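Presented below is the structure to which this report refers.
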Amino acid sequence: MDGSHQKQPIRGAFSAEKLVRVGFGATKRTNKIVVMLYAEQEGNGDIILWKLNKNHIPFEKYDKVSFETLMAEYLPEPAFYQENIYPAMRKVAQGIARGDRLRVNGQPYGAEVEYLQVLDMDEENVRATFGLGLTYLERNEIDKGQEVFSKLVEMEAAFAEEHKHMFNDFGIKLRKNKMYDQALQFYSRAQKLSALDEHLLYNMGRVLVEIKEYKKARVMLAKAVEVNPEFAEAVKALEILDKKLSHAV
């Protein structure tokens, strides 16, 4: 059996038996346990298996397998998916959507409640973490914003391509709250994964201008324009900075 005739990507619960050793010495024995996993197929056909947290939310990669391996070594658990995983993931998605809507509509305290409820179910949720951080920074709650910042810079998933607009927004909020060191650290972390993103380069340039590191700022703004000559904001910022530098000579 192969996956060449699949109509829909794989998405669901699968289980596998796993042997674990318990005890010590004479009491040492091997037990067989059932591991419940969430499977999701990527565009290239690979299937990622995820561990589930106590709330049935996928949180950590367990393995990457082919369709053939999945069918041969794992048992489909459609009832478990429908009764546990799907409702939990749906609740998380709905909570994030409500939080985002409240935040955008100027209701930051309601947004905070929604994001915290999501993080109570899925503590590593990137979108909820970003949303919570943006909420705190919009309320000028610097200490709480710093806590979220410290968490985000350690989260590899926060800097994935799919979250690019969110980490740009977060960096901008750090700059507007005069958290310049944090903004530079955040953008530098993001740059390791997206070195030629013109918006990232532009935003780094803006921070460097704010702290009067004009030569470094010019390097970043020039790179942004080089990557995208049609990026009007970067072109204008570079022109203004060049005038400032020419008058300083």
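The values are calculated or read from the model by the stated rules, or taken from the named source; none is laboratory data. This is a predicted model, so every value here is computed, not measured. Note that each Cβ is placed from the backbone with ideal geometry, even for glycine, and that neighbours are counted across all protein chains shown.
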Residue list for the range 191-249, filter: of a type in the set (Gly, Ala, Ser) and either within 18 Å of Asp169 (Cα to Cα) or at pLDDT below 95 (or both):
Ser194, Ala195, Gly205, Ala224, Ala234, Ser246, Ala248
Which is under 30 Å from Leu137 (Cβ atoms) and of a type outside the set (Val, Ile, Thr), of Arg21, Arg90?
Arg90
When you scan the range 8-32, how many residues do you find that are modelled with pLDDT of 80 or more and loosely packed, with under 10 Cβ neighbours inside 10 Å?
2
Flag if Glu124 is within 23 Å of Arg101 (Cβ to Cβ) and part of a loop (DSSP other than H, G, I, E, B)
yes
Just for the range 81-109: of the residues that are under 16 Å from Arg11 (Cβ atoms) and touching a Phe, Trp or Tyr at 6+ places or on another chain (Cβ under 9 Å), which one is surrounded by the most Cβ atoms within 10 Å (Cβ to Cβ)?
Ile85
For Asp100, which of the numbered conditions (1) outside the structural domain of Glu156 (by TED's automatic domain parsing); (2) among the acidic types (Asp, Glu); (3) at pLDDT 95 or above fails to hold?
(1)
Here are some conditions: (1) in contact (Cβ under 8 Å) with a residue 60 or more places away in the chain; (2) assigned by TED's automatic domain parsing to the domain that holds Asn125. Met71 meets all but one. Which one does it not meet?
(2)
Would you be able to tell me the number of residues in the range 42-62 that are modelled with pLDDT of 95 or more and either in a strand (DSSP E or B) or surrounded by 10 or more Cβ atoms within 10 Å (Cβ to Cβ) (or both)?
11
Candidates Phe159, Phe170 - the one that is outside the structural domain of Asn228 (by TED's automatic domain parsing), within 17 Å of the chain's Cα centre (by Cα) and buried (at least 23 other Cβ atoms within 10 Å of the Cβ)
Phe170
